[in-house]
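The structure under discussion appears below in the form of structure tokens.
The values are calculated or read from the model by the stated rules, or taken from the named source; none is laboratory data. Keep in mind that what you see is a predicted model, and the values were worked out from it rather than measured. Note: ideal-geometry Cβ built from the backbone for every residue, glycine included; neighbour counts use all protein chains shown.
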Amino acid sequence: MKVLVVGNGGREHALAWKLLQSKQIEQVVCAPGNGGTAGIKGCQNLPLAVDDFEGISQFAQNEGISLVVVGPEVPLAKGITDYLNSKGLKVFGPTRAGAQIEASKAWAKALMQEAGIPTAQAAVFTEAAAAKSYVKAQGAPIVVKADGLAAGKGVIVAETVEQAQAAIDAMFGGEFGSAGKFVVIEECLIGEEVSVLALTDGLTIRPLQPAQDHKRIGEGDTGENTGGMGAYAPAPIATKEVMARIQKEVLEKAIAALKAKGIDYRGVLYAGLMMTPQGDFKVLEFNCRFGDPETQVVLPLLETPLEELILACVEQRLAEMPPIAWKQGAAVTVVAASGGYPGAYEKGKVITGIEQAEALGTTVFHAGTNLNQEQLLTDGGRVLNVTAAGETFDQALAQAYAGIQCIHFEGMYYRRDIGHRVR
């Protein structure tokens, strides 16, 4: 098989890396890929934008691509699956209608309420004055969300009414572009977050290992939200009993609700949940694709060949597959970010030390890199995901941190407390 992976982040590097471990995969093409995917044996980069549907389609048809795996949410929300399906190509990823579950927080909230899925109390607003009045009446802490896609940064957990009102002004003032046309205001839930990525063919849904991401830029889970500063799997807080409940009360209800709307959803359904201290949970959000950086810790633990699971979803035969097989142990990833992220940052900084890190047994997934005349340069806010798997969480953690200490680029920043809840 030849597989085309759409995207250029750490998640896509991890997908290409995992797919190429199978004897069934002859070649992986990444569009556009990054400096890491450029260096994997059996992988090539294709310099096409993720929303160049026509270019991707023509390449896939001309080169005999068996399967297209879409990484990021933006092309899914724009309808890449619909377009490529219309050209006769097999695509892993929901249609534009299904991708609304991430592309519109208001739409997803309504779906959860209709389906009886446990979620935070919320209200949707189209203008600032009403939103501010609501916040004043509710008090703080409170969560203010841009309705649309904002690269993981459109969620503000406001500790005061003033912070919430400033966030409302920023969103309606265009800080997140069209994503802030509608604003969702939610009660602030207290507890630990857990990410449950599940594979579905629209009829059957199967969860992968639960993971825990670290969204905040600062140690101790402080500061601004980011796309994710590190992750680990499996998350101990999501016990077998909890996962059985999530399967019934969240995943199966969501698929049934999508089906009832006439949406044939084939791909990843990713539930971001808040676990309360009492052991209950509520859904914070749904995403329509593999998580980033959760994918980088879930895939190293997966034993079942990834392409077999993906094809079973695309061909709507997931129910026939044997149970998903997992390696024992745990995996940890630590993100090396550019100085200034999630705000303004510079690109083009020379990266060194990756070979030394990998010699220690880590796998370094590139998130924002560019290979320029054999020199590896930074090309994003989140630059690298230094990943390790071990028999125990402590082993994986120690190895990941030993690896990241080998790496250097000007302004590099990483959190030193990834996995602090498990230590």
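Report, by residue number, each residue of region 27-45 that is of a type outside the set (A, V, I, L, M) and either in a strand (DSSP E or B) or within 16 Å of S57 (Cα to Cα) (or both). Full working, then the answer.
Initial filter on region 27-45 (of a type outside the set (A, V, I, L, M)): 27, 30, 32-37, 39, 41-45.
Residues satisfying the conditions are Q27, C30, P32, C43, Q44, N45.
Could you tell me whether any residue of region 239-256 is of a type in the set (K, R), within 30 Å of Q21 (Cα to Cα), in contact with a strand residue (DSSP E or B) (Cβ under 7 Å, 6 or more places away or on another chain) and at pLDDT 95 or above? I'd like the intermediate steps shown before the answer.
Step one: filter region 239-256 for residues of a type in the set (K, R), giving 240, 245, 248, 253.
Now narrow it down to the ones that are within 30 Å of Q21 (Cα to Cα): 240.
Within this subset, residues satisfying the condition of being in contact with a strand residue (DSSP E or B) (Cβ under 7 Å, 6 or more places away or on another chain) are none.
Looking through region 239-256, none of the residues is of a type in the set (K, R), within 30 Å of Q21 (Cα to Cα), in contact with a strand residue (DSSP E or B) (Cβ under 7 Å, 6 or more places away or on another chain) and at pLDDT 95 or above.
How do the helices (runs of 4 or more DSSP H) wholly within region 48-149 filter down when requiring 1 or more residues that are closer than 30 Å to R245 by Cα: which remain? Show your work before the answer.
Details: elements: 53-62, 73-78, 80-86, 96-103, 105-115, 128-138.
The helices (runs of 4 or more DSSP H) meeting that bar are 73-78, 96-103, 105-115.
Out of Q21, Q27, report the one residue that is surrounded by fewer than 24 Cβ atoms within 10 Å (Cβ to Cβ), modelled with pLDDT of 95 or more, in contact with a strand residue (DSSP E or B) (Cβ under 6 Å, 6 or more places away or on another chain) and among the polar types (S, T, N, Q).
Values: Q21 fails: in contact with a strand residue (DSSP E or B) (Cβ under 6 Å, 6 or more places away or on another chain).
Every option except Q27 fails the conditions.
Quick one: is I156 more than 19 Å from P72 (Cβ to Cβ), at pLDDT 95 or above, hydrophobic (A, V, I, L, M, F, W, C) and not assigned by TED's automatic domain parsing to the domain that holds F281? Explain how you work it out, then say what you get.
On the way: more than 19 Å from P72 (Cβ to Cβ): yes; at pLDDT 95 or above: no; hydrophobic (A, V, I, L, M, F, W, C): yes; not assigned by TED's automatic domain parsing to the domain that holds F281: yes.
Here the answer is no, as I156 does not meet what is asked.
Give region 295-349 a look and list any residue that's modelled with pLDDT under 95 and either touching a Ser or Thr at 6+ places or on another chain (Cβ under 8 Å) or closer than 23 Å to T363 by Cα (or both), or say none.
Correct list: P342 only.
Could you check T204 against (1) surrounded by fewer than 24 Cβ atoms within 10 Å (Cβ to Cβ); (2) modelled with pLDDT of 95 or more; (3) over 25 Å from Q113 (Cα atoms) and say which number it fails?
(3)
Let me spell it out: the conditions are (1) without any contact (Cβ under 8 Å) to a residue 40 or more places away in the chain; (2) in a loop (DSSP other than H, G, I, E, B); (3) not aromatic (F, W, Y), and E355 meets all of them except one. Which number is the exception?
(2)
When the residues of region 384-423 are filtered to those that are part of a strand (DSSP E or B) and over 22 Å from the mean Cα position of the chain (by Cα), which remaining residue is nearest to A331 (Cα to Cα)? Don't jump to the end; show me each part of the working.
Here is the first cut: in region 384-423, the ones part of a strand (DSSP E or B) are 384-390, 408, 413.
Filter again for over 22 Å from the mean Cα position of the chain (by Cα), leaving 390, 408.
Working: G390: 6, H408: 22 Å.
Here the residue is G390.
Just one of the numbered conditions (1) surrounded by fewer than 13 Cβ atoms within 10 Å (Cβ to Cβ); (2) under 21 Å from Q24 (Cβ atoms) is not true of R317; which one?
Single failed check for R317: (1).
For region 195-211, check the following and say yes or no: at least one residue is under 21 Å from P342 (Cβ atoms) and touching a Ser or Thr at 6+ places or on another chain (Cβ under 8 Å).
Restricting attention to region 195-211, the residues satisfying the condition of being under 21 Å from P342 (Cβ atoms) are 195, 211.
Still in the running and touching a Ser or Thr at 6+ places or on another chain (Cβ under 8 Å): 211.
The answer is yes; a qualifying residue exists.
Tally the residues that are of a type in the set (D, E) and touching a residue at least 24 places away in the same chain (Cβ under 8 Å), restricting the search to region 158-170.
First, pick out the residues of region 158-170 that are of a type in the set (D, E): 159, 162, 169.
Next, only the ones that are touching a residue at least 24 places away in the same chain (Cβ under 8 Å) stay: 169.
So the answer is 1.
Please determine whether any residue of region 76-85 is modelled with pLDDT of 95 or more, buried (at least 20 other Cβ atoms within 10 Å of the Cβ) and at positive phi. Steps first, answer last, please.
Taking region 76-85 first, the residues modelled with pLDDT of 95 or more are 76-85.
Checking which are buried (at least 20 other Cβ atoms within 10 Å of the Cβ) leaves us with 76-77, 80-81, 84.
Applying the additional criterion that residues be at positive phi yields none.
No.
Which of (1) over 30 Å from G353 (Cβ atoms); (2) surrounded by fewer than 16 Cβ atoms within 10 Å (Cβ to Cβ) does P47 not meet, given it meets every other one?
Condition (1) is where P47 drops out.
If only one of G88, G71 is out of contact with any strand residue (DSSP E or B) (no Cβ under 8 Å at 6 or more places or on another chain) and small (G, A, S), which one is it? Even if it seems obvious, please write down each step before you answer.
On the way: G71 fails: out of contact with any strand residue (DSSP E or B) (no Cβ under 8 Å at 6 or more places or on another chain).
Step by step, each of G88, G71 is checked, and only G88 is out of contact with any strand residue (DSSP E or B) (no Cβ under 8 Å at 6 or more places or on another chain) and small (G, A, S).
Please tell me if G361 is more than 20 Å from W17 (Cα to Cα), assigned to a loop (DSSP other than H, G, I, E, B) and not assigned by TED's automatic domain parsing to the domain that holds E12. Outline the logic, then answer.
On the way: more than 20 Å from W17 (Cα to Cα): no; assigned to a loop (DSSP other than H, G, I, E, B): yes; not assigned by TED's automatic domain parsing to the domain that holds E12: yes.
Spelling it out, it is not the case that G361 is more than 20 Å from W17 (Cα to Cα), assigned to a loop (DSSP other than H, G, I, E, B) and not assigned by TED's automatic domain parsing to the domain that holds E12.
How many residues does region 7-26 hold that are assigned to a helix (DSSP H, G or I) and either touching a Gly at 6+ places or on another chain (Cβ under 7 Å) or within 20 Å of L76 (Cα to Cα) (or both)? First the steps, then the outcome.
Step one: list which residues in region 7-26 are assigned to a helix (DSSP H, G or I), which gives 10-19.
Applying the additional criterion that residues be either touching a Gly at 6+ places or on another chain (Cβ under 7 Å) or within 20 Å of L76 (Cα to Cα) (or both) yields 10-16.
Going through region 7-26 one residue at a time, the tally reaches 7.
Which is crowded, with 18+ Cβ neighbours inside 10 Å and small (G, A, S), of A400, A325, A359? Even if it seems obvious, please write down each step before you answer.
On the way: A325 fails: crowded, with 18+ Cβ neighbours inside 10 Å; A359 fails: crowded, with 18+ Cβ neighbours inside 10 Å.
None of the others qualify; the one that does is A400.
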